[in-house]
Amino acid sequence: MIQSRKVLEKIQPYSPGKPIWEVQEELGLDRVIKMASNENPLGPSSKAVEAIMQQLVTLNRYPDADAVHLKQSIADKLNVAASQLIITNGADELITLLSETFLENGDEIIVPSPSFSEYDFGAHLMGANVVLAKLELDFEYDINVILDAVTDRTKIVYLCSPNNPTGTYLPKNQFEQLLNKLPDHILVVFDGAYSHYAAADDYTDGIEYIASGYPVIALQTFSKIYGLAGVRVGFGVARADIIQRILKVKEPFNVNALAQAAATAAINDDEHVRNSQIVNEKGRIQLYEALEKMNVGYSKSMSNFVLVQIGPAAKEFYEKLLAKGIIVRYGAIWGLPDYIRVSVGTLEENAEFIKEMAAILNEERTVV
């Protein structure tokens with residue numbers, strides 16, 4: 001019998017939110033609203049769509065292995081050097097590349113808990129150990145918990161801010177304190193996938209600290225605010241010496257030509273970004289107000305989703321919403337069995353979710 005690596009016993013495949021077509025086929029529904037994967041409800045940047053259309057006739061050619069034009073567009077936008085950038089097949093690939101570059105068997109990474117599961121995946125793949133730094137009861141960061149978890153085996157500290165799935169963030173002053181207290185040999189990975197949605201005055205996406213020489217790599221994605229989840233493109237910003245080491249393990253044609261063209265156009269589509277932020281802010285308020293009226297607990301979010309506290313019946317609640325054609329995420333995947341995570345949709349989609357949620361709550365309260 002063919003034997004796989006022992007480390008695979010620790011690895012569980014990523015479980016994404018159900019796609020619309022699957023729910024339609026399973027339940028025989030014509031209309032399904034997806035509020036599970038934190039996608040942009042406005043769709044992709046129109047400039048990105050136009051760029052893809054123009055690129056279609058060149059699909060017989062390999063994509064640019066170095067994504068030169070996209071790198072330069074991002075560099076100009078963020079006021080960094082192109083040598084400080086790496087372009088990847090979504091931020092997920094970059095997380096794996098970081099593990100392959102910096103981790104060896106027996107090393108440790110520190111990750112907030114609960115948070116994005118892909119951090120664990122990359123570490124386990126390399127035989128490294130995952131040390132959890134639990135968030136506080138209100139899901140806020142405590143940098144002392146992170147610092148207490150540091151050992152001589154620690155290689156990477158992951159920070160997701162705004163954090164998925166809680167929507168909470170690490171204030172700038174606390175991030176700076178953490179950087180100054182961590183040993184210099186530890187790489188700090190600042191995952192800012194949802195940074196465009198953060199409106200707090202004391203928020204930072206981490207990029208400003210790279211110019212100061214800190215060992216920080218800031219992760220960004222085109223899947224969220226730019227609405228390009230379907231083409232998979234992300235990037236990292238770090239000191240050039242860090243980027244050069246990661247490039248040694250990157251596949252040569254990791255980002256396809258359509259993704260590069262779309263992202264190059266989208267990075268300068270400021271109107272689409274602003275419209276997306278406005279719709280998201282209105283949607284968050286709409287959800288907050290409705291949840292408060294229904295006396296349902298939730299965590300205030302700096303992102304495009306809201307973590308909602310249902311209680312012990314959260315799984316059943318998730319299934320009832322699914323039966324009504326509304327896809328959300330059940331929180332057990334993050335060790336939060338009493339919660340569901342709800343992506344902010346359009347105002348109409350949010351209203352439909354609120355209506356069905358209220359109906360389920362009324363049914364349950366009538367039974368009781």
Every pair of residues 6+ apart whose Cβ atoms lie under 6 Å, when the first sits in the range 348-360 and is free of Cβ contacts under 8 Å to residues at least 40 places away in the same chain while the second is open to solvent by 30 Å² or more (accessible area, probe 1.4 Å) and not in a helix (DSSP H, G or I):
Glu356/Lys324
Residues of the range 16-60 that turn out to be open to solvent by 60 Å² or more (accessible area, probe 1.4 Å), assigned to a loop (DSSP other than H, G, I, E, B) and closer than 30 Å to Gly335 by Cα, as a count:
2
Give me the pairs, please: first residue somewhere in the range 255-269 and among the acidic types (Asp, Glu), second residue anywhere and assigned to a helix (DSSP H, G or I), beta-carbon distance under 6 Å, and either six or more positions apart or on two chains.
Asp269/Lys47
Residue that is farthest from Glu100 (Cα to Cα), among those in the range 149-168 that are more than 13 Å from the chain's Cα centre (by Cα) and in contact (Cβ under 8 Å) with a residue 12 or more places away in the chain:
Ala149
When you scan the range 335-359, how many residues do you find that are more than 13 Å from Ser37 (Cβ to Cβ) and in a loop (DSSP other than H, G, I, E, B)?
5
Do you know which residues across the range 212-263 are more than 18 Å from the chain's Cα centre (by Cα), aliphatic (A, V, I, L, M), assigned to a loop (DSSP other than H, G, I, E, B) and surrounded by fewer than 24 Cβ atoms within 10 Å (Cβ to Cβ)?
Val249
Can you report the number of residues in the range 132-184 which are crowded, with 18+ Cβ neighbours inside 10 Å, farther than 17 Å from Asp205 by Cβ and among the charged types (D, E, K, R)?
1
Residue satisfying all of: in the range 186-211; acidic (Asp, Glu) and outside any helix (DSSP H, G or I); farthest from Leu94 (Cα to Cα) among these:
Asp201
Scanning the range 302-334 for residues that are in a loop (DSSP other than H, G, I, E, B) and touching a strand residue (DSSP E or B) at 6+ places or on another chain (Cβ under 7 Å), the one farthest from Pro16 (Cα to Cα) turns out to be Ile310
Members of the range 71-87 found to be in contact (Cβ under 8 Å) with a residue 60 or more places away in the chain, surrounded by fewer than 19 Cβ atoms within 10 Å (Cβ to Cβ) and farther than 18 Å from Val216 by Cα, listed by number:
Lys77
Residues that are under 29 Å from Asp269 (Cβ atoms) and among the hydrophobic types (A, V, I, L, M, F, W, C): find the strands (runs of 3 or more DSSP E) completely inside the range 77-185 holding 3 or more of those.
85-88
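The values are calculated or read from the model by the stated rules, or taken from the named source; none is laboratory data. Model, not experiment: these values are computed from the prediction. Note that we place each Cβ from the backbone using ideal geometry, even for glycine, and neighbour counts take in every protein chain shown. Calculation scope for accessible area: heavy atoms of the full protein, side chains included, ligands and nucleic acids excluded. Shrake-Rupley method; radii C 1.70, N 1.55, O 1.52, S 1.80 Å.
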